[in-house]
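Below: one structure, written as structure tokens.
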Amino acid sequence: MKKKVMMAAAFILTAVIAVYGTLTYMKLKDNGKETSVSEVTSYESSGSKRSKTVSEAGTAIETSETVSVSGRIFDISGLFTERDLEQTFDADEAETLILESGTDVTVSEEGVYIIKGSVSDVTVTVDAGDEDKVQLVLDGVEITNTDFPCIYVKNADKVFVTLTESENTLSVTGEFGADGDTNTDAVIFSKDDIVIGGSGTLKISSSDNGISGKDDVKLTGGTLIIDCVSDAVEANDSIAVADGNITITTKKDGLHAENEEDDSKGYIVITGGTLNITADDDAIQGNSAVQIDGGILDLDAGECIEGTYVQINGGTISIDASDDGINASAKSSAYTPTVEINGGDITLKMGSGDTDGIDSNGDLYINGGTLDITAQSPFDYDGTGKLNGGTVTVNGSKITSLTNQMMGGRMQGDFGNGGGRGGFGNDTRPDEGSSNGSRPDEASGQRPGDGSSRPGNPGRKKQG
């Protein structure tokens, strides 16, 4: 009898864990030391599992044990360093550079440099060591160039552009010239990581791109106003926005991340800030993924948010689009096209004609948040569509299931138990390992790898 009771208790405990979470206890070894890791997840979902990287005291430990999938595409806990988020500078350690028209300035070593002056035909170039961190402090700077960047980062570990409580203006008016094999096509052009923040204002006017980074671009503070012909902010690896008041007017894309060599890169993460973007093409495009966790976004564009995987976890987002409001399309082989909404306050107003509020070339999952959609075609998805939670209003009426707008005007939708098109299924997340809705490896919280090579340094030399 006692044995039967124990077996029954074990069965009940197993069932409870299967429904409400997964407890994984692992003994791992890190540099010869044994580390215990305990993890509990709480999704009532399909119970899908995958291998995961566990971080203990900042050290990544690879394990093949299975744990439940949860959380964001990208782990934002280490996305910004403390210095990235600092909006000040150490004046005692700084060197002051007074600009003169027609004379370029080159910074060749790590340090803090306060830049002053109202000039024309001047480029501030950073050509420092691979491990050097350089801080350029703009203190009432005005630079107007004809055909070359105002700030050009040729080499460094990372460059911080910090704005004092002043107004700064950087402009390029003509056609950009090349530096050897490098097409320097932005007012701020960086071959390495660059962070823009501070307490002042930076106005950028460009005949091409506004800010271009070949690695990571981070916006962490200050007031940034960009008026340009091409992309306002572009990056090869990633764009990350933590804070700041950002206003963009462009004839192309507002934020654009794309990496032709590594499909896992070319992503955008927004955790805060106020963004007002008016774009002829896309307001926000991250070819691999776009993740929005917070901030206030006012977007007016052809397509407002586009990526292969679009995940919205928070924020207040206003979308006014003439094409698609939110679009997931196959721009990266690292992801299955998916739109996943877990939170946030989202308002979509669509133009007339062949437009979709949310258009996914794969799957659509709404798990939470508040959506208010005004559109002839609110939803268009090619794979699985599920409304698992949140409050969704379409054209003034609250809905409880998704109605799919098919090509040619056909609609489809029902209250399916397993979740066919428009089904009100029991899953809260895409099924792991299936062709419809599979999450990328990065869903475990890992950031995509850094495998791509950096471009070589050009040979152009300037006096400084």
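Bear in mind these aren't lab numbers, they're just calculated from the coordinates by the rules spelled out. From a predicted model like this one, the values you see are computed outputs, not experimental measurements. We place every Cβ from the backbone using ideal geometry, glycine too, and count neighbours over all the protein chains shown.
A compact table of results
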item: Potential extension, residue 130-residue 157 segment - 0.36 nm per residue separation minus Cα distance; result: 9.2 nm
item: Estimated FRET transfer efficiency (residue 94, residue 400; beta-carbon r; R0 51 Å; 0.05); result: 0.30
item: Distance cut-off 24 Å, percentage of C-alpha pairs in region 267-403 lying past it; result: 16 percent
item: Separation in nanometres of the label points that stand 7 Å from Cα toward Cβ, at residue 280 and residue 85; result: 3.9 nm
item: Positive minus negative residues near residue 175 (Lys, Arg vs Asp, Glu; Cβ under 9 Å); result: -2
item: Fewest-first ranking of 231, 280, 181, 132, using other Cβ atoms within 10 Å as the exposure measure; result: 181, 280, 132, 231
item: 5 angstrom amide H check on residue 129, placed H, neighbours 5+ away; result: 110
item: When each of 331/398; 203/251; 116/251; 116/214 is checked by Cα-Cα distance, pairs over 23 Å; result: 331/398; 116/251; 116/214
item: Spacing of the two label points (7 Å from each Cα toward its C-beta) at residue 261 and residue 146, in nm; result: 3.4 nm
item: In range of the label at residue 370: residues from region 298-342 whose backbone nitrogen is under 14 Å from the point 7 Å along Cα→Cβ; result: 314-318
item: Mean shadow area of region 65-189, taken as a quarter of the surface of its Cα convex hull (nm²); result: 11.1 nm²
item: Inter-probe distance in nm under a simple model that places probes 7 Å from Cα toward Cβ, at residue 181 and residue 77; result: 4.1 nm
item: Sequence of 90, 121, 298 once ranked by neighbouring C-beta atoms within 10 Å, starting from the fewest; result: 90, 121, 298
item: FRET efficiency for residue 330 and residue 296, using Cβ-Cβ distance with R0 set to 35 Å, rounded to 0.05; result: 0.70
item: Where GluC sites (Glu not before Pro) fall in DSSP loop in region 72-139, at most 13 other Cβ within 10 Å; result: 109, 131
item: Distance between region 128-177 and region 270-311 - C-alpha centres, whole angstrom; result: 25 Å
item: Residues with amide H under 5 Å from that of residue 370, placed H, sequence gap 5 or more; result: 344, 345, 346, 391
